[in-house]
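**Student:** My questions will all concern the structure given below.
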Amino acid sequence: MSVSTTAARDRVRVVLLTGFPTFRARRVCEALLAEDDVEVHAVVRTKFMADARTAVASMGERGSRVSLIEGDSAALDMGLSGRELKELTHRVEIIHHAAQVTYLNVDKELARQVNVDGAREALEVAERCKNLRCLVIHSSATVSGSFEGRFHEADLDVGQSFRNAVESTLARAERMARDAMSQLPIAVVRPGVIVGDSRTGEIDRLDGPYYLMMLMLTSPPEVTLPLPGKGDAPLHVVPIDFVAAAAAIVGRDPRSPGKTFHLADPNPLPAKRVFELFAAAAGRRTLRGFFPSQITSALLRTPGLERFATSQRSLIEVLGTSVVYDTRNADAALGALRCPPFASYVETLVSHVQGRLKEKQRVRDDADDTGLGA
């Protein structure tokens, strides 16, 4: 889609967004559109264009300020035509590079293509933008890998090892961004483990800590599930609505370039307390005791539980890593916006998952009634 260059449109702030219509990028888009003077140009892969149009339509009137551009954020020039790229780089003031792959069992080569090559292309496009104010690289606090202790926003290479391809490729992308910070206005945002909307519970994939929530909700009520590991390490969960709003603020703040921002709860709860709150909200018995990580891995491979074990090893390693994320840059930039405490929205998360499970069961029951489930 061609970008308008009329004088009237030139008065708005033009944002280039990658990763649309993934859940995180869609929510970032909505947060950006909360400002009336913003228009968003979203790079969308061909196979996701129908979903992207549906997502824009769901935004109502604000969706009229979103232009969908067919491309690929990891391809040369993001897969844009010469004309599209020239028009965009003439007008774009802010780039949100939100295209990334984060599911923990992802193929290593795919992770490299999306997370590393995508970041490289974002940097190259940013170099061509004549009026660029900020390139926001969306990363993850899990680039801390195996590190234990206080991980500062300025930290990156601290001798940690990486537990999966997601962590290692996002860290490589951050290194490239840091190398370019002396030439380009770049900011990095690192959220913790993203969970659903604190107001609605909405989430795309039920992974990470949702695995154990699903176990609670699908196990017999009289069963008390143990927690993998001792549960004393902080579990850094953060709701998507906070992440999206914070990223939008970082992108438009002229003080952001050159900094990294941990989007996390400055007072994280230990994993045991998080799952106690999950259990209470689900009306299940409080978790008691713990299993060593090796035994937990074996248990999750038993018949009936294997569907929850896709990323079990990475989840168990996260639950056993005692790291705290310093949030001083984020605290200074976000003003009154703060990550809500987990206890204030845990019931909303559980209610949303319960609704999804009931809907799946209803679909199965309907299929059985019609013979389609045979």
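The values are calculated or read from the model by the stated rules, or taken from the named source; none is laboratory data. Computed from a predicted structure; not experimentally measured. As a convention, Cβ positions derive from the backbone with ideal geometry for all residues, glycine included, and neighbour counts pool all protein chains shown. We work out accessible area using only protein heavy atoms, side chains counted, and drop any ligands, DNA or RNA first. Shrake-Rupley method; radii C 1.70, N 1.55, O 1.52, S 1.80 Å.
**Student:** Based on this model, can you work out whether E153 counts as in contact with a strand residue (DSSP E or B) (Cβ under 6 Å, 6 or more places away or on another chain), open to solvent by 50 Å² or more (accessible area, probe 1.4 Å) and touching a residue at least 12 places away in the same chain (Cβ under 8 Å)?
**Tutor:** No, not satisfied.
**Student:** I'd like to know if the range 239-257 contains one or more residues that are of a type in the set (K, R) and either at positive phi or over 19 Å from the mean Cα position of the chain (by Cα) (or both). Please lay out each step first, then the result.
**Tutor:** So in the range 239-257, the residues of a type in the set (K, R) come out as 252, 255.
Applying the additional criterion that residues be either at positive phi or over 19 Å from the mean Cα position of the chain (by Cα) (or both) yields 252, 255.
Scanning the range 239-257, I find at least one residue that is of a type in the set (K, R) and either at positive phi or over 19 Å from the mean Cα position of the chain (by Cα) (or both), so the answer is yes.
**Student:** Quick check: is even one residue across the range 212-231 at pLDDT 95 or above, farther than 25 Å from V40 by Cα and open to solvent by less than 10 Å² (accessible area, probe 1.4 Å)?
**Tutor:** no
**Student:** Could you grab me the full set of residues in the range 141-163 that are of a type in the set (S, T, N, Q) and out of contact with any Ser or Thr (no Cβ under 7 Å at 6 or more places or on another chain)?
**Tutor:** T142, S144
**Student:** Right, here's the next one. Residues in the range 100-120: is at least one crowded, with 23+ Cβ neighbours inside 10 Å and more than 30 Å from I316 (Cβ to Cβ)?
**Tutor:** no
**Student:** Only residues that are in a loop (DSSP other than H, G, I, E, B), among the β-branched types (V, I, T) and under 23 Å from A187 (Cα atoms): list them for the range 75-113, please. Spell out the reasoning first.
**Tutor:** So the first thing to find is which residues in the range 75-113 are in a loop (DSSP other than H, G, I, E, B), and the list is 75, 80-81, 92-93, 98-107.
In the following step, the residues that additionally are among the β-branched types (V, I, T) were identified as 92, 101-102, 106.
Those that are in a loop (DSSP other than H, G, I, E, B), among the β-branched types (V, I, T) and under 23 Å from A187 (Cα atoms): V92, V101, T102.
**Student:** Say we look at the range 202-211 and pick out the residues that are farther than 16 Å from A280 by Cβ and modelled with pLDDT of 80 or more; which of these is surrounded by the fewest Cβ atoms within 10 Å (Cβ to Cβ)?
**Tutor:** My answer is R205.
**Student:** Quick check, is R83 open to solvent by 30 Å² or more (accessible area, probe 1.4 Å), free of Cβ contacts under 8 Å to residues at least 60 places away in the same chain and over 13 Å from V166 (Cα atoms)?
**Tutor:** Values: open to solvent by 30 Å² or more (accessible area, probe 1.4 Å): yes; free of Cβ contacts under 8 Å to residues at least 60 places away in the same chain: no; over 13 Å from V166 (Cα atoms): yes.
Here the answer is no, as R83 does not meet what is asked.
**Student:** I've got another one for you. List the number of the failed condition for L132; all other conditions in (1) farther than 24 Å from D204 by Cβ; (2) free of Cβ contacts under 8 Å to residues at least 12 places away in the same chain; (3) among the hydrophobic types (A, V, I, L, M, F, W, C) hold.
**Tutor:** Every listed condition holds for L132 apart from (2).
**Student:** Could you please tell me which pairs satisfy a Cβ distance under 6 Å, a separation of 6+ or placement on different chains, a first residue in the range 3-30 that is at pLDDT 95 or above and of a type in the set (A, V, I, L, M, F, W, C), and a second residue that is crowded, with 21+ Cβ neighbours inside 10 Å and part of a loop (DSSP other than H, G, I, E, B)?
**Tutor:** V14/V92; L16/V92; A25/G19; A25/A98; V28/A98
**Student:** Considering only strands (runs of 3 or more DSSP E) fully contained in the range 123-232, which possess at least 2 residues that are under 17 Å from A98 (Cβ atoms)?
**Tutor:** Per the criteria, 134-138, 186-191, 193-195.
**Student:** Out of all the residues in the range 64-76, which are touching a residue at least 24 places away in the same chain (Cβ under 8 Å) and either in contact with a Cys (Cβ under 7 Å, 6 or more places away or on another chain) or farther than 22 Å from D117 by Cβ (or both)?
**Tutor:** Those that are touching a residue at least 24 places away in the same chain (Cβ under 8 Å) and either in contact with a Cys (Cβ under 7 Å, 6 or more places away or on another chain) or farther than 22 Å from D117 by Cβ (or both): R65, V66, S67.
**Student:** Now for a different question. Can you name every one of the helices (runs of 4 or more DSSP H) wholly within the range 269-374 that holds 2 or more residues which are open to solvent by less than 70 Å² (accessible area, probe 1.4 Å) and at pLDDT 90 or above?
**Tutor:** 271-281, 328-334, 346-370
**Student:** Still on this model: Looking at V238, V274, V243, V250 in this structure, which one is in contact with a Gly (Cβ under 7 Å, 6 or more places away or on another chain) and not small (G, A, S)?
**Tutor:** V238
**Student:** Still on this structure, please answer the following. Only residues that are open to solvent by 20 Å² or more (accessible area, probe 1.4 Å), closer than 17 Å to A74 by Cβ and outside any helix (DSSP H, G or I): list them for the range 25-60, please.
**Tutor:** R45
**Student:** Can we say R190 is closer than 30 Å to R128 by Cβ and either open to solvent by less than 10 Å² (accessible area, probe 1.4 Å) or of a type in the set (D, E, K, R) (or both)?
**Tutor:** Criteria met by R190.
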